[in-house]
Every structure is written in C-alpha cells, then in structure tokens.
Amino acid sequence: MADKRLKIKPPKLPVKPGKKQAPQKLLRRPLFWILVAIVGVTIFGQISSGSNQFTKIDTSEAMAAITRGDVESANIVDRDQKIQLILKPGVAISGATKVEASYVTGQEPILIDLLTANQPAKEWDVTVPKTNILVSILFTLAPILLLAFLLLFFMSQSQGGSRVFSFGRSRAKLHDNEVPQVTFADVAGADEAIEEFKEIKDFLAEPKKYQEIGAKIPKGILLFGPPGTGKTLLARAVAGEAKVPFYSISGSDFVEMFVGVGAARVRDLFTQAKANAPAIIFVDEIDAVGRHRGAGMGGGHDEREQTLNQLLVEMDGFEAHQQVILIAATNRPDILDPALLRPGRFDRQIGVDRPDVKGREAIIKVHSKNKPLEKNLDVLAIARRTPGFTGADLANVLNEAALLTARENRKVISSTDVDEAIDRVMAGPQRKSRLMSEEERRVTAYHEGGHALVAHALPHTDPVHKITILPRGRALGYTMVLPDEDKYSTTRNQMLDQLAYTMGGRAAEELVFHDPTTGASNDIEKATALARAMVTQYGMTEKLGAIKLGSGDAAPFMGRDYGHQRDYSEELAATIDQEIKSLIGQAHEEAYEILIENRSILDALVEELLEKETLQKEEIEVIFKHVASRPKRPAWTGSK
C-alpha cells in the first residue's frame, strides 16, 4: 500500500502557455469580454450616429440661410438647444447640405420667428428627442455589470494562483519532481546531516521496514547553524531526492497585517500536505514565526503568536500513518519557543556548523565542477587558507576568482586569482584609487608590522600568512593570521596572546611616532569585547573566578530582554570594569615590550613592506628568523 502511494506524483506546476493555449486562456478572462463589450458599444454608436451626421456651423450662418430662403426643412431640437437644417438642392454651407447649429437660452423665439417669416420649402418643426430605451438600459446596467465582472475576475484569480483575495491560503511552493533538482551529491561538508536525511528518504520509500520493528519517523527536523552553512541547500537536496510532494515556504510568509491570516495559512499548508501524503514541508527562517511567546510588547494578542499556536497544534496533531515530515531551518535556535523544540514536534535537531578543512576541500571541489582551474591548483591549500569560511563564503570565493579571470580575458582560473578572491571576501576589494601619502603609508606599515611581529613572538598565536599595506574596503592594510588546523576550543593563554596581538598595532604607533592614530579603533573594539567575554562568560580572571555574569539570552530585539535588569551589583560591575581594563592594559604592555626587544626587526619589516607593499608567509619567516620569542606564562591555578 505504501509503495503505491509513493508512486503518486504530486500535481505538476503550471505549464507555460504555448501558441495554442494563449487564445483559449484569453477567451476565458472576464476583462477580455468587458473590453469587447465597450469596443462594440462604441462602434455601434458611431455607426448609428454616422447615418444622420450633421455638420456643425455657426448660429449666425444658420440664421442667414433661413433668411435667404435656402432651407428645405428645419427641426428645432428643444432639449439639446440645436437647430438642424436640410438645405435646398444645389445649396451648401461649408461643403455640406445637412447642417446644425447650437443656440443659447433666449434665442429659440427668434429662430421660430425667422422660420415663420421664411417658411422652408417642405416643413419645420420643434421636437423633444425621445430617450432610447436600449441606451438607457445600457447606461443603467453598465456600472452594475462592470462591478459584477470585476468581482468574478477577482474570485477566479483567488481560486487560481494569484491569491488576490486568498489571504488565508498557503503560499508554499510545490516543487515539481520533473524539473532537475539539487541532490545529496551537490552537498558537501555536512556528512552527518546528509546521513540523517538519507534515513528520512529511506523511510518514505520503505516504511514497512521501520514500522515492523515499531519505529516511527521523526515528525520534525530542525536545522540550525550559522548563516551560509548550507541549511537551505540541504532542504533542496531532500526535495530532489525524496520524490514525494515537497512544499517550501518562508517563515515570514505566514504573517500578514490581517489578523488570523497566519493561522489560516498554517492550516491550509498542512491540509495540502496531508492530502498528498507522504509529503515533506520545509519552513525556512522559522524564527520569523516561532519565536518565544510572550516576547516583546505584543502579548498574547500578537498575530505572530496566534500563528505559532496554530503551528504547534498542527505539528502535534500528526498521525503516524500520514507520513508528513516538517523540516525547518534557523540561524537562531536560542530564540525559538520551547514548546516548538520538544520531542514530538521537532524530534531531531541537526546542527550544520562551519565545515572543517576536509569539508571545505569537498565544498571547493563541488563548486569548481563547472570552472576551469589550472592543473597545479592545490585545493587543499585553499581549504587551509580559509578557516571559518562557510559553504556560501567558499562559493563566493570561487565566483570572485572566475570573475577576475574573465575580466582579464583569460580562460583558466589561477592560484593568484583565488588568492585575490580570498582577500576580497575577507577584507573587501582593493581600493586602487585611494592615494596615500608617504607618511600614511609609513604609519600603516608600522601598524601592520606591529601586529605581525607580536603575533610571531607569542607562543600561542597562529602563524602570520600575509601582510599588506594596500587599502581594502575600509582598512588601510591588514595582517592575515591563520591557524594550521581547525580549532574547536580556545585556552586562556591563547586568548591572552590574542589580546596582545590585537594591541600590537597601537603599541607600534606609540613606540615609533608617539602619536597613535584612529586606525586602531577596530582593534580596541575587538580587544574590549574579548576581554569582557573572558571576565563575564569564561571565568578567566583570578579576582572573579569561574562565574557567569549577565544574561545568557542575548536576544538582539525588543523581546525577552526588554526591561531586563542587571543580575549583579554595582560593586561587582565596577570590579568587572577593572578586570577588563587590567587585561587590556597587560596585553598592551606585553606588546610594547615585544616591539622594543625586536625594534630593528620591526624597522626591517617596514622597509620591505614600503618597497613591496605585500609580503607572503615565506618572506615574513625570513625577516622574523631572529625574533626573540616570549617565554610561556606561569601556570594559572585559577581564582584565589
């Protein structure tokens, strides 16, 4: 029974109208017939009035013709204040024998006196035109018919696809299995998530195998992780592999300005999915509708909360045999409502994190399939140079490299193109138009040299891979420090070295020029944030010890933190400030000492930078060959 149901294909998406279908669709549209009726009435009126066409003349010309006796017959149209004249044979005014003239109120007795004194050859008369019944009916019914046609048009549109009035209908897109789709082969760097989804695919294909041993398919799967890690791509791959109806919708599509629309759309979406089961529903950015209830100032009457309540009911109301699976993706699982995350709704929560070096290598290979890379291009080296990059970042790197290659009319992407593309993604495009004075170049060189020298001298920092004083983005230069391998945790000594490395640029400016610049503002910001985290989150100070200070719910919106009070005293807040200041002060002092000890090497590095503008890892290692390394810090025994 399950196999038969699996063979049922979902409804196909609308086919683009061809040459034969276009006229038929046009004939079915009410607006077409409205236009035909308007054109028909206009043409009929023109034809009917064309047979009795009178040429307009001045009133004085009409009165002169009556006085001369040139009129064969005359007719005064009382209601329209017109006089129509048919002239005698051989007589014409403005080339016409049938003329009419308008008169103003008070001239009618004068015209009657003229016609009485100068009797036309045949007759003259005063008439009041009768109203045409058909015309009267047409003008009476036309507005009503027009409104009726428009109402029918909007109703037909709402039943079709444009949803003019269908506020409560779901806006989910049904993916057509006939169209080429993304498959699991197109996804790399997320092996665990792929395995989970292969199990879902297998259950939909062979449910008996699982049901015989009492296993139930998860009702919901939540994908969470940083932006760009491939959550939506995984959902597309499921759509391409599952071969069952796949409905995709964004969380924001549920909520409108009209009350009750979101809940109605949720009901309609699940009704469609149940009718076509087995089916999969994918909700992207579910945090738009699934945030913690009671957040913000909307309270229980908030439209978003009504939508969430309906979503909870629909998910909990699934029956096992219906085989409807909900997949959702979010970057912020921490702000989702707990009722949404409980087992029975989202049974599985799959983290899609930034890929490791092997994952990055696989992702680069996937995205470079249709790009001509040079034969000796080391993909693994690119993967090592891009720690922390997501799949979207790597795709952007290869695309930038391809654009650079095409810009220079070359056919093969080289390692130089990839290096430039990585720099573009990390620091922005090179600003060749920015002309720096020699003094600014020298200050920038010492600033970046200070960073690099301090990083090289400390025992727990990553190797320096590149130094440049070429402006990129908003930076006048930058130092690239990259780890040799992926790291998943950070020690206290590594953080202290990171603080010293961050303050190295500022220390170099003070040492050499005795006048620091604003170029270190971002360094100070980063150092302060890291020092605050060490004090309040990681418990890495002796005075405060291993305690967590501050709220753990860092929601960047007016929600659960609205009106939140600090959960520590003013005295403790002052201690926190002192500890942060102490950490940054010690880091600055350590960086300053390193630069004093290695001043000659710093000067040599700056001279090389001013000459070449960019130094690579091999050149840097030669210059730093005799740098005096700092001894390791004493063992830290924790808080006192």
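The values are calculated or read from the model by the stated rules, or taken from the named source; none is laboratory data. These figures come from a predicted structure and were not determined experimentally. Positions of Cβ are generated from backbone atoms using ideal geometry, with glycine treated the same way; all protein chains shown enter the neighbour counts.
Given the residues Leu499, Leu482, Leu511, Leu476, which is the only one that is under 37 Å from the mean Cα position of the chain (by Cα) and closer than 21 Å to Ile584 by Cβ? Every option except Leu499 fails the conditions.
Is it the case that Lys375 is within 27 Å of the chain's Cα centre (by Cα) and without any contact (Cβ under 8 Å) to a residue 24 or more places away in the chain? For Lys375, the condition - within 27 Å of the chain's Cα centre (by Cα) and without any contact (Cβ under 8 Å) to a residue 24 or more places away in the chain - is not met. You will find that of Asp484, Asp462, the residue that is surrounded by 18 or more Cβ atoms within 10 Å (Cβ to Cβ) and among the acidic types (Asp, Glu) is Asp462 and no other.
If you filter region 524-539 down to residues that are free of Cβ contacts under 8 Å to residues at least 60 places away in the same chain and either part of a loop (DSSP other than H, G, I, E, B) or not hydrophobic (A, V, I, L, M, F, W, C) (or both), you find that the one that is surrounded by the fewest Cβ atoms within 10 Å (Cβ to Cβ) is Glu525. Restricting attention to region 448-459, the residues that are assigned to a loop (DSSP other than H, G, I, E, B) and either surrounded by 16 or more Cβ atoms within 10 Å (Cβ to Cβ) or under 40 Å from the mean Cα position of the chain (by Cα) (or both) total 1.
Checking the structure you have, find out if any residue of region 131-139 is modelled with pLDDT under 70 and touching a strand residue (DSSP E or B) at 6+ places or on another chain (Cβ under 7 Å). Within region 131-139, none of the residues are modelled with pLDDT under 70 and touching a strand residue (DSSP E or B) at 6+ places or on another chain (Cβ under 7 Å).
Quick grid of which residues meet (1) surrounded by 12 or more Cβ atoms within 10 Å (Cβ to Cβ); (2) over 30 Å from Ala279 (Cβ atoms); (3) at pLDDT below 55; (4) more than 60 Å from the chain's Cα centre (by Cα):
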site: Pro14; (1), (2), (3), (4): no, no, yes, no
site: Lys25; (1), (2), (3), (4): no, no, no, no
site: Val36; (1), (2), (3), (4): no, yes, no, no
site: Val41; (1), (2), (3), (4): yes, yes, no, no
site: Asn52; (1), (2), (3), (4): no, yes, no, yes
site: Ile57; (1), (2), (3), (4): yes, yes, no, yes
site: Asp70; (1), (2), (3), (4): yes, yes, no, yes
site: Asp80; (1), (2), (3), (4): yes, yes, no, yes
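Can you name every residue in region 398-415 that is more than 15 Å from Asn370 (Cβ to Cβ) and outside any loop (DSSP other than H, G, I, E, B)? Answer for region 398-415, where residues must be more than 15 Å from Asn370 (Cβ to Cβ) and outside any loop (DSSP other than H, G, I, E, B): Glu400, Leu404, Arg407, Ser415.
Here Leu373, Leu394 are screened, and the one residue that is under 28 Å from Pro463 (Cα atoms), in contact with a helix residue (DSSP H, G or I) (Cβ under 7 Å, 6 or more places away or on another chain) and buried (at least 20 other Cβ atoms within 10 Å of the Cβ) is Leu394. Pairs meeting the criteria (first residue in region 474-485 and within 17 Å of Pro387 (Cα to Cα), second residue aromatic (Phe, Trp, Tyr), beta carbons under 8 Å, at least 6 apart or on different chains) are Val481/Tyr501.
Within region 430-447, residues that are buried (at least 16 other Cβ atoms within 10 Å of the Cβ) reach partners that are at pLDDT 90 or above and not in a helix (DSSP H, G or I) with beta carbons closer than 7 Å, at six or more positions or on different chains, in the pairs Arg441/Ile469; Val443/Thr517; Thr444/Ile469; Ala445/Ile469.
Of all residues in region 214-227, those being in a loop (DSSP other than H, G, I, E, B) and modelled with pLDDT under 90 number 6. Of all the residues in region 488-509, those that are among the small types (Gly, Ala, Ser) and either part of a loop (DSSP other than H, G, I, E, B) or touching a strand residue (DSSP E or B) at 6+ places or on another chain (Cβ under 9 Å) (or both) number 3. Going by the conditions given, is Val352 touching a Leu at 6+ places or on another chain (Cβ under 7 Å) and at pLDDT 90 or above? Yes: the conditions hold for Val352. Remark: pairs (first residue in region 56-79, in a strand (DSSP E or B); second residue surrounded by 13 or more Cβ atoms within 10 Å (Cβ to Cβ) and basic (Lys, Arg); Cβ separation under 8 Å; 6+ apart in sequence or on different chains) = Val71/Lys88; Glu72/Lys88; Ile76/Lys82.
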